[in-house]
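Working notes, structure below.
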Amino acid sequence: MAVTSAFGRGLEPLLAGALEGRAAFGPVRRFDVAGRRAQVAAALPGAPALSGELARVIDEACDGAGLGAAARAACPLFLAVHGDPDLGRAAPDERAEHTGDAFAARLARRTGLSDAVRVYTSACVAASSAVADAGAMIAHGRAARVVVAAGYLVEPDQFALFDAGRALALDGRVRPFSAGRSGLLLGDGVAAVVLESASAARRRRVPALARLAGWGRAGDGYHVCRPRPDGSGLARAISAALCRGGIGAAAVGYVNAHGSGTRHSDTAEAAALYGALGEHAAEVPVSSTKSVHGQALEAGGLLELVVSVGALRAGRLPVNAGHLGPDEACRLNLILHRAGRPAGAYALSLNVAFGGANTALLVGTP
């Protein structure tokens with residue numbers, strides 16, 4: 001796996017920031033935010049190109065997995081991205097050629113992957129949906145391995161939309177599940193993972209970083225922008241992931257929550273955890289790494305999965321940063337100090353999106 005975030009390129013700086021609860025938010029300098037209510041995001045310096053950043057993480061992940069040219073050429077690419085980032089630079093008569101599928105095909109050619117590409121644009125569950133689909137394809141023997149990649153770099157259009165919708169935190173911090181939380185903040189995120197069947201990895205004698213033990217998806221269709229207050233859709237997704245993984249709630253040792261820092265979403269997510277995990281929801285360590293790296297939209301699910309895997313391997317848990325005080329509607333065992341340790345061998349990574357989409361990914365140590 002490979003990742004880029006506002007902390008820099010690579011897992012090490014991102015994981016260090018998450019484990020220390022050190023947020024990467026700062027003034028937006030990539031584009032003009034004069035006149036915006038909020039003026040803060042978690043962004044790399046300068047103006048990096050998404051196509052280049054995606055190619056770099058895909059190459060790094062494939063090299064780390066020991067995939068040579070022949071193996072890459074047979075490997076599908078599942079890409080979660082917010083449309084074609086090259087569209088704005090295309091001439092008007094060329095714009096019909098600039099779709100998410102066309103961008104994915106160009107990226108696959110650039111990185112030596114198969115032209116069998118899929119594109120996911122379903123907001124905050126795009127990358128987690130891609131991981132679930134890749135896992136299902138491998139589990140049913142339709143592929144030996146799949147590269148899943150995702151990318152979002154903070155840009156003016158989405159920043160303006162969230163700002164106009166009064167969803168961005170005006171105090172410059174994301175405070176998941178905390179009293180006094182006031183909203184989300186956007187953040188850069190680019191990541192890639194190689195998913196492979198256990199038998200194929202054994203034949204190639206490559207060690208696994210983690211095991212994708214289960215996944216679940218459910219919709220609630222309650223409201224265009226708000227989650228169902230009782231969290232029942234997310235609870236079903238969590239229960240499906242645990243069922244597919246063949247484990248009970250007590251085996252979950254960490255939850256990397258969606259935790260957007262918005263009032264309605266965090267309350268519904270806390271209810272979902274109790275609905276799926278029962279009283280274990282009061283004991284399992286919980287944090288949202290969005291509190292340090294921000295909301296990476298389509299890329300968020302993969303960025304957070306990479307952090308979760310890194311935390312399990314390190315034996316330490318990310319801090320739920322920005323916490324001001326308890327909220328009685330979010331009675332969770334939040335990780336508020338740097339000494340957090342996993343309470344079991346499995347972690348849940350949760351994501352929800354507008355329109356009532358919910359996903360849960362269950363990962364364990366190999």
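Could you pull the accessible area for Asp59 with a 1.4 Å probe, rounded to 10 Å²?
Probe radius 1.4 Å; accessible area of Asp59 about 50 Å².
Would you mind working out the magnitude of the charge dipole of the chain relative to its Cα centre, with +1 at each Lys and Arg C-beta and -1 at each Asp and Glu C-beta, to the nearest 20 Debye?
That gives a dipole near 780 debye.
Please list 47-56, 300-309 highest first by mean number of surrounding beta-carbon atoms within 10 Å per residue.
Packing proxy ranking, top to bottom: 300-309, 47-56.
Please report Rg over Rh for the range 67-215, where both radii come from the alpha carbon positions and Rh follows the Kirkwood definition.
So for the range 67-215, dividing Rg by the Kirkwood Rh gives 1.05.
Based on the alpha carbon coordinates of the range 164-210, what radius of gyration and maximum Cα-Cα distance (Dmax) apply, in Å?
Gyration radius and largest Cα-Cα distance of the range 164-210: 19.9, 53 Å.
Add +1 for every Lys or Arg and -1 for every Asp or Glu among the other residues with Cβ under 12 Å from the Cβ of Met137, and state the total.
+1
Tell me the accessible surface of Ser265 in square angstrom (1.4 angstrom probe, heavy atoms of protein chains only), to the nearest ten.
20 Å²
With a 1.4 Å probe and all protein chains kept in place, how do Ile138, Ile238 rank by accessible area, largest first?
Ile138, Ile238
Which of Ala43, Ala213, Ala116 ends up with the largest GNM mean-square fluctuation for the chain, with Cα atoms connected below 10 Å?
Ala116
For the pair Arg211/Phe354, report the inter-label distance in nm, with labels modelled 7 Å from Cα in the Cβ direction.
Taking the two extended label points, one gets 3.9 nm.
Most mobile of Ser197, Ser182, Ser239 per a Gaussian network model of the chain (Cα springs, under 10 Å)?
Comparing Ser197, Ser182, Ser239 in a Gaussian network model of the chain, the most mobile one is Ser197.
Compute the relative contact order of the chain as a whole-number percentage, counting only Cα pairs closer than 8 Å that sit 6 or more residues apart in sequence.
Answer for the chain is 24 percent.
As a test question: what accessible area, to the nearest 10 Å², does Leu362 have when a 1.4 Å probe is rolled over all protein chains in place?
Ignoring ligands and nucleic acids, Leu362 comes out at about 0 Å².
Using 0.36 nm times the number of residues separating His264 and Asp63, minus their current alpha carbon distance, what extension gain do you get?
68.2 nm
Near Ser128, within a Cβ-to-Cβ distance under 13 Å, what is the net charge of the other residues, with Lys and Arg +1 and Asp and Glu -1?
Summing Lys/Arg as +1 and Asp/Glu as -1 gives -2.
When only alpha-carbon atoms are used, what values of Rg and Dmax, in angstrom, describe the chain?
Cα radius of gyration and Dmax of the chain are 19.0, 58 Å respectively.
Kindly report the accessible area of the chain per residue (heavy atoms of protein chains, probe 1.4 Å, no ligands, DNA or RNA), in Å².
Computed with neighbouring chains in place, this is 39 Å² per residue.
As a test of reading the structure, rank Tyr274, Tyr222, Tyr254 by solvent-accessible area (1.4 Å probe, protein chains only), most first.
Result, largest first: Tyr222, Tyr274, Tyr254.
Using a basic spin-label model with each label point 7 Å from the Cα along Cα→Cβ, how many nm lie between Leu336 and Leu324?
Computed distance between label sites Leu336 and Leu324 equals 1.4 nm.
Count neighbours as other Cβ atoms within 10 Å of each site's Cβ, and list the trypsin sites (Lys or Arg not before Pro) in the range 168-206 that are DSSP loop with at most 16 such neighbours.
Passing both the DSSP loop test and the Cβ count: Arg205.
The values are calculated or read from the model by the stated rules, or taken from the named source; none is laboratory data. Keep in mind it's a predicted model, so treat the numbers as computed, not measured. Note that each Cβ is placed from the backbone with ideal geometry, even for glycine, and that neighbours are counted across all protein chains shown. For accessibility, only protein heavy atoms count, side chains too; no ligands or nucleic acids. Shrake-Rupley method; radii C 1.70, N 1.55, O 1.52, S 1.80 Å.
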